[in-house]
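Participant: Before I ask anything, here is the structure I am working with.
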Amino acid sequence: MSASLSRPRVGVWLIGARGSVATTVVTGCAAVAAGLHPPTGMVTEAPAFTDSGLPALTDLVFGGHDTLDCPLPKRAETLTAGGVLPPGVATAVTAELAAADREIRPGGPTAGDTRTEAELVTAFTDDLRDFLHRHELERAVVVNVASTEPASQGSGAPLPASTLYALAALRAGCPYVNFTPSEGMHHPVAAREAEDSGLPHAGRDGKTGQTLLRAVLGPMFAQRALRVRAWSGTNLLGGGDGAALADPAAAAAKNAGKERVLADTLGTVPEGQVHIDDVPALGDWKTAWDHIAFDGFLGTRMILQTTWQGCDSALAAPLVLDLARLTARAHQAGLSGPLGALGFYFKDPVGNGPSGLSEQYEELIRFGRGLGPGDPEGRGTRPVRDTEESGGAL
């Protein structure tokens, strides 16, 4: 496990804390920390990050918000039955799951909720501050792993729930990571407050499967001077994501990040669309198929097809742990603003950075090495200030 410069306890506050991804995060962290499984998929456990000063997995304390009331141990049983979690692991870490479940607070807004947006943000902020205080945490990172929201309806529309949570994170002095395509801190109201907060933030939309492959193949076509004429895709998935993305507005928000990867790596957006189909029988498993039509020398027409079959929760969980550790360490090091070097993890990353996966990986490694003793590379110009009493109108 990566060495730490010190052993402060760090909070990880999950939005959507009883969902499949969050349950897999908590279960996986406990299992790896106990030596029950290797840290497969966790980039931060590679030797390059040994001296980065990241918090140890044993020092992470979990909590969060959710509108669901299914306890985490029960949720883990369901994921085990569906093959997402290996047999016996959830039982072995029941105490850790129960401890995290006790720290989950009611989210919102829910049907019939009469609280104003300001009252919701205040309630969420108070939950975070209470979490920090009771556990004597040095800091906590808020990570949004909730279901995808429909795209914003524009000015005058109610603030999306993801933005209410982002505002609460800022006002509690917590760094924020958006692992979803939802608006979150991209909303102008939150973006303005984020700029003034001096807090680091990262996102958005975790790159776990189809788009991960696109970030590899797009640069390949560009570097070999092969002209891509059309790039179409289909996603078949079930579970909560499948149900949420059955909403065309939510699917549009999801597909925007997939298109950005192609635009950035190819320099243009080829013909074709991504279709997302809800197949409840698939549960947490997903099949993603891409059909790529391209021209070779003398206009010879060729085709590449790819099929990706995977479990979204198992793909996402190690990345969430990576992001929580890296963002916590960036906060400790005094970095502020968008963490562009974490673009390796996202479809639609904040800040500036390369688009190809290989170049993003190299930048991530440089960032991790810079987090070690001494001044980290890319340190922000503004120090992190205490935002506990900061507020302001929505």
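Participant: If amide hydrogens are placed 1.01 Å from N in the peptide plane, which non-local residues have theirs closer than 5 Å to the one on residue 12?
Facilitator: Amide H neighbours of residue 12: 61, 62, 63, 141.
Participant: For residue 263 and residue 111, compute 0.36 nm times the residue count separating them, minus their Cα-Cα distance, and round to one decimal in nm.
Facilitator: Here the segment from residue 263 to residue 111 would lengthen by 50.8 nm.
Participant: Right, another one. Using a 1.4 Å probe over the heavy atoms of the protein chains, calculate the carbon and sulfur portion of the accessible area of the chain as a whole percent. Walk me through the numbers on the way to the answer.
Facilitator: Working: 8950 of 16630 Å².
The C+S portion of the solvent-accessible surface of the chain is 54 percent.
Participant: Provide the gained length on full extension for the span residue 279 to residue 69, in nm with one decimal, where the gain is 0.36 nm per separating residue minus the Cα-Cα distance.
Facilitator: 73.2 nm
Participant: Can you list the aspartates and glutamates whose alpha carbon is less than 14 Å from that of residue 286, not counting same-chain residues fewer than 8 positions off?
Facilitator: 241, 277, 278, 312
Participant: Same structure again: So how many Å³ per residue does the convex hull of the Cα atoms of the range 30-161 work out to?
Facilitator: Numbers: hull volume 22.5 nm³, N = 132.
Taking the convex hull of the Cα positions in the range 30-161, it is 171 Å³ per residue.
Participant: Would you mind putting 185-196, 53-64 in packing order, based on average other-beta-carbon counts within 10 Å, highest first?
Facilitator: Numbers: 185-196: 18.7, 53-64: 22.8.
Ranked from most to least packed, the peptides come out as 53-64, 185-196.
Participant: Placing unit charges on C-beta atoms (Lys and Arg positive, Asp and Glu negative, everything else neutral), compute the dipole magnitude of the range 124-191 about its Cα centre in debye, rounded to 20.
Facilitator: Values: 4 positive and 7 negative charges, 19 e Å.
It works out to roughly 100 debye.
Participant: Leaving ligands and nucleic acids out of the surface, order 231, 289 by accessible area at 1.4 Å, largest first. Provide the component values of the computation, followed by the final result.
Facilitator: On the way: 231 5, 289 90 Å².
Sorted descending by solvent-accessible area, the residues read 289, 231.
Participant: What accessible area per residue comes out for the chain, rounded to a whole number of Å², with a 1.4 Å probe? Write out the running numbers ahead of the final one.
Facilitator: Values: 16630 Å² over 394 residues.
For the chain, the solvent-accessible area averages 42 Å² per residue.
Participant: Once whole DSSP H runs in the chain are found, which of them have Cα atoms spread over 18 Å or more along the helix axis and a mean Kyte-Doolittle score of at least 1.6?
Facilitator: On the way: long enough: 20-33 (19 Å, 1.66); 117-134 (26 Å, -0.35); 210-223 (20 Å, 0.69); 248-266 (26 Å, -0.06); 312-332 (30 Å, 0.39); 357-370 (19 Å, -0.79).
Those that pass (Cα extent of 18 Å or more, hydropathy at least 1.6) are 20-33.
Participant: Show that you can apply the helix-only estimate: for the chain, add -39,500 (n - 2.57) for every DSSP H stretch of four or more residues, divide by all residues, and state [θ] at 222 nm to the nearest 500.
Facilitator: Working: 12 runs with 150 residues, N = 394.
Using -39500 (n - 2.57) per qualifying helix, the result is -12000 deg cm²/dmol.
Participant: Now, a different point. Compute the length gained on full extension between residue 99 and residue 297: take 0.36 nm times their separation in residues and subtract their Cα-Cα distance, giving the result in nm to one decimal. Don't skip to the end; give the middle numbers.
Facilitator: Working: separation 198, 0.36 × 198 = 71.28 nm, distance 6.05 nm.
Residue separation times 0.36 nm, minus the Cα-Cα distance, leaves 65.2 nm.
Participant: Then there is this: For the range 68-119, what size does the Cα cloud have along each of its three principal axes, sorted from largest down, in whole Å?
Facilitator: Principal extents (Cα only, largest first): 44, 22, 12 Å.
Participant: Considering the dipole of the chain built from charges on the beta carbon (Lys and Arg +1, Asp and Glu -1) around the Cα centre, which of 125, 106, 246 is farthest to its positive end?
Facilitator: 246
Participant: Give me the orientation-averaged projected area of the Cα convex hull of the chain, in nm², one decimal. Walk me through the intermediate numbers first.
Facilitator: Working: hull surface 75.5 nm².
Averaged projected hull area, Cα only: 18.9 nm².
The values are calculated or read from the model by the stated rules, or taken from the named source; none is laboratory data. Since we're looking at a predicted model, the values are computed, not measured. Note that each Cβ is placed from the backbone with ideal geometry, even for glycine, and that neighbours are counted across all protein chains shown. For accessibility, only protein heavy atoms count, side chains too; no ligands or nucleic acids. Shrake-Rupley method; radii C 1.70, N 1.55, O 1.52, S 1.80 Å.
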